[in-house]
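The values are calculated or read from the model by the stated rules, or taken from the named source; none is laboratory data. Just so we're clear, the structure is a prediction, and the values are computed from it rather than from any experiment. Cβ placement follows ideal geometry from the backbone for every residue including glycine, while neighbour counts extend to all protein chains displayed.
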């Protein structure tokens, strides 16, 4: 493992570097004992939510794979809270829509002001008849391509929405228990208000995703596929290179997408799909430097609520455009592309954006559950 590009001139410095390396590895492998699993049944706790006891953990990562926006690893403390055992499913979202008549952002005509803020200054407004309802759909390619231009495998498809995640002609029939996708941050908020829940903070999400493991790279431990076992719905590099979706033998289109929630083993807190399947919205604004700001205090950060605004230097002239944090990676992540199913991986996403690999799960505070319980009596 290469620790630094700096040339060391003194043997003492080399010894110190080796000592630090050994410490980091030991911390990476250390386990915490998970608390006894407590799953709500609608009486003793909100139905199908897991109680996550409060505690302190190391947020972010010092692992060699960690990107700059995951660093530095720093101490955070969170209070106890409930969190959905699974991502919100198509069936659950359908009940919300039936009860409220809610129309998702992908089903509405886009507003130019929402689009303009994500575009370089001076971008001309398109013709009004081109602003049609729809969403981004993963289309894949028929051959390997350079991975520096996502427009080669993502397309805006008119008519794509949560009912038709790949566009007109596609359907969620038979997929009631799959995570709902093509939902924006605004859609997730609307659902959370109806359900009397809330989106988890980024700190709560990561604490829950780690499942009691301290600085493990994955929600299940330090190995991606322990004993050769697949642990999450992720892209299979051995079958075909990302983003190729054509079978090498038959040249037929290969379907990739979500799996039913709970298809893979849960983590130490009994939570399913905290890695892979779909990206998950969380409450915080995204800043690439958020962890550096939190760590700068030198103290344990208690219940961080995230920054007050967005900043993503990777976006160049639109670095300050609004973005919310998404976590967990998806069925499109692999060891050669993205690798965002790691517990510390994070990215910013346009809050009005809907995509075919983007969903959510919700949290609830104990005092909110107490109010719900009294109301139900």
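Descriptive notes on the structure:
- Residue, surrounded by the most Cβ atoms within 10 Å (Cβ to Cβ), within segment 132-162, restricted to residues that are in contact with a helix residue (DSSP H, G or I) (Cβ under 7 Å, 6 or more places away or on another chain) and farther than 17 Å from residue 257 by Cα: 134
- Of all positions in segment 184-207, none carries a residue that is more than 19 Å from the chain's Cα centre (by Cα), assigned to a loop (DSSP other than H, G, I, E, B) and without any contact (Cβ under 8 Å) to a residue 24 or more places away in the chain.
- A single member of 94, 160, 106 is modelled with pLDDT of 95 or more, assigned to a helix (DSSP H, G or I) and closer than 23 Å to residue 350 by Cα, and it is 106.
Yes or no, residue by residue, for (1) over 18 Å from residue 337 (Cβ atoms); (2) in contact with a strand residue (DSSP E or B) (Cβ under 9 Å, 6 or more places away or on another chain); (3) surrounded by fewer than 18 Cβ atoms within 10 Å (Cβ to Cβ):
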position: 214; (1), (2), (3): yes, yes, yes
position: 234; (1), (2), (3): no, yes, no
position: 246; (1), (2), (3): no, yes, yes
position: 269; (1), (2), (3): yes, yes, no
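- Scanning segment 360-374 for residues that are over 21 Å from the mean Cα position of the chain (by Cα) and either part of a strand (DSSP E or B) or crowded, with 19+ Cβ neighbours inside 10 Å (or both) gives a single hit, 369.
- Where residue 31 falls short, out of the listed (1) modelled with pLDDT under 90; (2) out of contact with any strand residue (DSSP E or B) (no Cβ under 8 Å at 6 or more places or on another chain): (2)
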